[in-house]
């Protein structure tokens, strides 16, 4: 994200649907903070736009590979200044300094005396491998295995549509082709990466998501998990909960909060 993007955030003309969504976010809290962590190119910008509204992030130039110097900068949605995003802006392969910067930021935020200055949730974004390869980078494993991080983490496996499409091409065309392809893709993913997935703590939820058409339910799941994890971790410390509206049309519409 750049200076020009910051200007975009201030000037975007959101429709009334999005405006009403974020007018009701965390009414009892001054800020609700989400940190997006992940390698460059995993689709963080697209995920932000899919959940929080089209145009929030410039998907072409919004993220610069391997740059974490702006992780402390707050990116506030123009239609609700209570929702704050922080972006790790990706890990360069083998760049330990970038990882340390992210880790220090997470730990530092967890020690802030005011709850509104702390991180409320971390979305650790990882692209689902389509043609093999390791699932987690060393930096990601370190974050997942850190025992002294107080902020809840959700592992967000992105671009779920790619393995689904790969399987769908091999299936006969039937009315339930999409459902079969998705089930097989999820089953294959869990089987191929059973060892890596088994290293995840039971306390760390995960979601396979896609921003493509036909995968809205995967974003709904991510919002569900965010609400659940946030409520469970913060209810004892502050009278502030996220309540999801099951009648809402879009994932962003379901991010509703009341005192």
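The values are calculated or read from the model by the stated rules, or taken from the named source; none is laboratory data. These figures come from a predicted structure and were not determined experimentally. Note that we place each Cβ from the backbone using ideal geometry, even for glycine, and neighbour counts take in every protein chain shown.
Things to note:
- Residue within the stretch 134-143 that is more than 21 Å from the chain's Cα centre (by Cα), surrounded by 11 or more Cβ atoms within 10 Å (Cβ to Cβ) and assigned to a helix (DSSP H, G or I) present: no
A quick yes/no check of all residues on (1) more than 26 Å from residue 110 (Cβ to Cβ); (2) touching a strand residue (DSSP E or B) at 6+ places or on another chain (Cβ under 9 Å):
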| residue | (1), (2) |
| --- | --- |
| 125 | no, yes |
| 141 | no, no |
| 157 | no, yes |
| 167 | yes, no |
| 173 | yes, no |
| 184 | yes, no |
| 187 | yes, no |
| 192 | yes, no |
| 212 | yes, no |
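- Among the residues of the stretch 194-214, those identified as within 21 Å of residue 165 (Cα to Cα) and either crowded, with 19+ Cβ neighbours inside 10 Å or touching a residue at least 60 places away in the same chain (Cβ under 8 Å) (or both) are 207, 208, 209, 210, 211.
- Output for the stretch 74-124, where each listed residue is modelled with pLDDT under 85, in a loop (DSSP other than H, G, I, E, B) and buried (at least 18 other Cβ atoms within 10 Å of the Cβ): 77, 78, 79, 80, 82, 88, 89, 90, 91
- The residues on offer are 42, 68, and the sole one that is buried (at least 22 other Cβ atoms within 10 Å of the Cβ), outside any helix (DSSP H, G or I) and at pLDDT below 75 is 68.
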